[in-house]
Amino acid sequence: MTASFHDRVAAELGDIEAQGLTKPERVIASRQGPVITVGGRQVLNFCANNYLGLAGDERVVQAGIRAQEGWGAGTASVRFICGTLEIHKQLEQAIAGYLGFEDAILFAAAFDANGGIFEPLFGAEDAIVSDSLNHASIIDGVRLCKAKRYRFANSDMADLEAQLKQARADGARDIVIATDGAFSMDGYIAKLKDIRALADRYDALIMVDDCHATGFLGPQGRGSYAHHGVKVDFVTGTFGKALGGAMGGFICATTPVVQLLKQRARPYLFSNALSPAVCGSSLEAIRIAGGEEGDRLREQLFANAARFRAAMAGAGFNLLPGEHPIIPVMLGDAKLAQDMAARMLELGVYVIGFSFPVVPRGQARIRTQMSAAHTFDQIDQAVAAFTQAGKELGVI
């Protein structure tokens with residue numbers, strides 16, 4: 001590598017640091033959970049996607065161990081060559097059945113699921129109408145597709161209808177509306193009842209990324225569309241959040257759609273199969289989430305979110321409104337968000353400051369996330385720490 005290249009990389013890193021945008025990597029020396037070990041001490045964890053508290057659950061852990069003992073560390077191959085195991089088929093059947101679909105296809109990551117769904121299904125004659133706050137993986141997946149692209153303001157149904165009208169006027173063969181079921185940086189839940197009505201009016205399909213909904217939103221945790229009582233055509237999701245916390249993604253759809261994706265989706269065709277340990281843990285997490293225990297965990301999760309939200313608002317913090325367990329504490333300035341997160345860690349609470357390019361400039365925040373595993377006492381401790389740090393830094 002040339003010296004000029006290294007100089008340019010160093011200059012860019014320096015610029016990121018000067019803007020307060022450096023994202024520190026803090027090493028965790030324990031299982032994921034409401035209390036974790038960081039820097040040799042135990043701290044409260046309020047920033048994981050561990051919605052149901054299953055990431056460190058012993059049953060989920062042991063299910064993964066048993067799967068690895070039976071199937072090995074991995075397949076050393078992609079699925080269509082010699083990489084499909086019985087446990088892969090079991091997981092596809094389990095997630096499709098849990099979410100109410102005919103079939104499912106697995107991916108190494110949810111990013112790959114969103115990267116692989118559009119190109120095989122839609123061509124230059126088609127149109128994708130995408131919410132402006134959609135996850136980066138949806139944006140990248142749309143870019144890989146030759147379909148015409150249309151964008152509507154976040155959850156703005158008038159703008160969505162205008163884009164649908166334009167797509168129809170432009171002669172689109174098929175139109176798909178793409179949206180997050182719950183928007184990960186804001187905690188907003190998509191207006192899927194209204195989207196469903198517009199899709200029916202303009203003969204459009206609906207694709208929902210339910211990474212931040214599967215397992216805990218709607219009846220039995222079936223997701224954002226179940227929360228609103230509507231049907232959608234495609235759901236993408238992850239086993240890396242509520243359903244075990246490991247990794248791996250999926251697409252649920254009709255059997256013919258899944259069959260076509262298995263023939264054409266590049267992240268599926270050119271990536272190794274999901275590891276047996278992840279499959280085993282995910283199967284156990286689905287079993288728990290879909291049963292009576294899952295109902296109890298969901299009830300606790302939303303009780304925790306309501307308690308935290310009310311206490312933080314009462315303390316004077318600026319929160320984005322909503323009902324989701326994602327509760328952003330808005331700070332605006334990127335350096336302030338990093339300073340706040342650092343002070344919170346000193347006070348025994350692990351949170352992360354989010355800034356550009358993860359969120360828009362001027363909208364830096366600490367995105368707190370509730371878990372069913374949190375106790376009310378832990379929530380109260382976190383609020384007390386936020387209040388102390390907020391007063392010290394002039395936030396409240």
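Side notes on the structure shown:
- Placing dummy labels 7 Å off each Cα toward the beta-carbon, the span from Arg287 to Glu323 is 3.1 nm.
- Loop-resident GluC sites (Glu not before Pro) (DSSP state other than H, G, I, E or B) in the stretch 24-70 with no more than 10 further Cβ atoms inside 10 Å of their Cβ: Glu25.
- Note that the stretch 230-238 has calculated 3J(HN,Hα) couplings of 10, 9, 10, 8, 9, 10, 9, x, 9 Hz, one per residue in order, obtained from phi through the Karplus relation 6.51 cos²θ - 1.76 cosθ + 1.60 (θ = phi - 60°); glycine and proline are x.
- Proximal lysines relative to Lys23, as straight alpha-carbon distance under 30 Å, when same-chain residues fewer than 8 apart are discounted: Lys241, Lys335, Lys391
- Ranked list, fewest to most other Cβ atoms within 10 Å of each Cβ, for Ser282, Ser371, Ser184: Ser184, Ser371, Ser282
- Equivalent ellipsoid of the stretch 39-163: semi-axes from √(5λ) of the C-alpha gyration tensor, largest first, are 34, 24, 14 Å.
- Estimated at 0.36 nm per residue, the fully extended path between Glu392 and Val78 surpasses their Cα-Cα distance by 107.7 nm.
- Mean-position separation - Cα centroids, the stretch 240-298 and the stretch 361-396, in angstrom: 32
- Spin-label pair Ala162-Arg66: with each label point 7 Å from Cα along the Cα-Cβ axis, the two points sit 5.6 nm from one another.
- Principal semi-axes in Å for the stretch 276-320 [√(5λ), Cα gyration tensor, largest first]: 33, 13, 5
- Value of [θ]222 nm, deg cm²/dmol, for the chain, DSSP H segments ≥ 4, -39500 (n - 2.57) each, nearest 500: -14000 deg cm²/dmol
- Separation of the stretch 141-179 and the stretch 341-360, taken as the distance between their Cα centroids, equals 35 angstrom.
- Neighbourhood charge, 9 Å Cβ-Cβ cut-off, centred on Gly116 and excluding it, Lys, Arg +1 and Asp, Glu -1: 0
- Subtracting the Cα-Cα distance of Phe270 and Ala124 from their residue separation scaled by 0.36 nm leaves 50.2 nm.
- Divide the volume of the convex hull around the Cα atoms of the stretch 58-289 by the residue count and you get 102 Å³ per residue.
- Where the alpha-carbon atoms of the stretch 135-189 are placed on the principal axes, they occupy 35, 27, 13 Å, in descending order.
- Here the convex hull built on the C-alpha positions of the stretch 322-392 has a volume of 92 cubic angstrom per residue.
- Per-pair calculated FRET efficiency, R0 = 45 Å: Lys193 and Glu25 via Cβ, rounded to 0.05: 0.65
- Under the Debye formula (equal points on every Cα, no solvent term), log10 I(q)/I(0) of the stretch 1-87 at q = 0.12, 0.14, 0.15 Å⁻¹: -0.75, -0.85, -0.87
- Considered as an equivalent ellipsoid built on the Cα gyration tensor, the stretch 241-350 has semi-axes of 37, 20, 15 Å, the largest given first.
- Modelled label positions at Glu86 and Arg8, each set 7 Å beyond Cα in the direction of Cβ, lie 5.4 nm from each other.
- Of all lysines in the structure, the ones whose alpha carbon falls short of 24 Å from that of Lys146, not counting any fewer than 8 places away in one chain, are Lys165, Lys262.
- Likely footprinting exposure, Ile16, Ile117, Ile288, fewest C-beta neighbours within 10 Å first: Ile16, Ile288, Ile117
- For the stretch 58-289, size of Cβ-based charge dipole, Lys and Arg +1, Asp and Glu -1, in debye: 200
Just so you know, all these numbers are worked out from the coordinates, no wet-lab data involved. These numbers come from a predicted model, not from an experiment. Heads up, the Cβs are rebuilt from the backbone with ideal geometry, glycines too, and the neighbour counts pull from every protein chain shown.
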